[in-house]
Structure formats: C-alpha cells, structure tokens
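Trainee: Handing you a structure now.
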Amino acid sequence: NKLYFPYEPGKQVQSAIRIKNTSKSHVAFKFQTTAPKSCFMRPPGSILVPGESLIATVFKFVEPPENNEKPMDQKNKVKFKIMSLKVKGPMDYAPELFDEQKDQAVVERILRVVFLDVERPTPALEKLKRQLAEAEAALAAER
C-alpha cells in the first residue's frame, strides 16, 4: 500500500487515507510513523463503531532535495503503520490502550510514501485531491 503526497520541497504537504472498521466490534486505531518529527495525522487515533469509517489527513514536511538529487528518485524511507485493537464497546480513545494491550494490537497496514509530481496530472493526483476535499468536508461537518 502507498500513501501519495504532492512533491513540494520545503512545504508541509497533505495526503488522506480512509480507515474503516470492518469487524463486528468496536475498534481503536492508531497511526505510527518512522518520522514523527516531520509527519503527523489528524486524528492520530480514534475508536470506530462496527461499519464506521473516517478519512484521516496525513501531514508531512517535504525536505528540499540535496545536491543535484532528483526529487522523484529519492528513495523515501518514511513508512506509516496503522494499528488496530478491538475494544469492549464505546469508550473514549486514549493512546495508552495500545500500551496496555500490546500483544493484542494488530498491524492493519504499512504504507510507503510516494511523491507525485504536481506539474503532471495523474489519476493518483486526482484521487488525492478528491480524498483531501472529502477529509476537509468531514472536518468542517464536525465543527
């Protein structure tokens, strides 16, 4: 699985990912990254009721390329991990849930960062724009 970001060096860019609870029980999820200093996600974690889904927005700071390195050639080592944990019924999300029940947490997905050239429209770039618009609308509806 891949997480697409527009390539804009020196800027904070966004991506979006849909997370859905396909189980019959309440599930807590959390987001982990190998680059916590340059990446974060909104919401960073949540509890979803059975069948519920949400679109999370992922923010990443794009480092300017070094020397003459072409940006698209950069092997991006940043990875994201979505963890899930079944919980007993409705409750407030707390990151400590995962510490207390480490052995029951499941890695749902590992996502690799892929940069998209904003100058060249592609289906992936169009999809990203749609997902970000959807995430914005969902956030606005919550306020």
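The values are calculated or read from the model by the stated rules, or taken from the named source; none is laboratory data. Since the structure is predicted, the reported quantities are computational estimates derived from the model, not experimental observations. FYI the Cβ positions are ideal-geometry reconstructions off the backbone, even for glycines, and counts take in every protein chain you see. In case anyone asks, the SASA skips ligands and DNA or RNA and just uses the protein heavy atoms, side chains included. Shrake-Rupley method; radii C 1.70, N 1.55, O 1.52, S 1.80 Å.
Trainee: Rank SER25, ALA124, ALA35 by how far each Cα sits towards the positive end of the charge dipole of the chain (+1 on Lys, Arg Cβ; -1 on Asp, Glu Cβ) and give me just the farthest.
Mentor: The residue sitting most towards the positive pole is SER25.
Trainee: Would you work out what percent of the accessible area of the chain, with all protein chains in place, is carbon or sulfur (probe 1.4 Å)?
Mentor: The C+S portion of the solvent-accessible surface of the chain is 51 percent.
Trainee: In debye, nearest 20, what is the charge dipole magnitude of segment 36-143 about its Cα centre with +1 on Lys and Arg Cβ and -1 on Asp and Glu Cβ, if you could check?
Mentor: 240
Trainee: Can you tell me how much longer the chain between THR22 and LYS86 gets when fully stretched, taken as 0.36 nm per residue apart minus their C-alpha distance, in nm with one decimal?
Mentor: The span from THR22 to LYS86 would gain 21.9 nm if fully extended.
Trainee: Mind pulling the angle between the C-alpha long axis of helix 123-142 and the longest principal axis of the chain? Nearest 10 degrees, somewhere in 0 to 90.
Mentor: Here the helix axis deviates by roughly 50 degrees.
Trainee: Show the residues, 5+ positions off or on another chain, whose built amide H is closer than 5 Å to the amide H of GLU52.
Mentor: ASN21
Trainee: Going by the alpha-carbon gyration tensor, a ≥ b ≥ c the square roots of its eigenvalues, is the chain rounded (a/c under 1.5) or, if a/c is not under 1.5, prolate (a/b greater than b/c) versus oblate?
Mentor: Since a/c reaches 1.5 and a/b is larger than b/c, the shape of the chain is classed as prolate.
Trainee: What distance in nm lies between label points placed 7 Å from Cα along the C-beta direction at ASP117 and LYS2?
Mentor: The answer from the label model is 1.4 nm.
Trainee: If you count only protein heavy atoms with a 1.4 Å probe, what accessible area per residue comes out for the chain, rounded to a whole Å²?
Mentor: Accessible area per residue, the chain: 64 Å².
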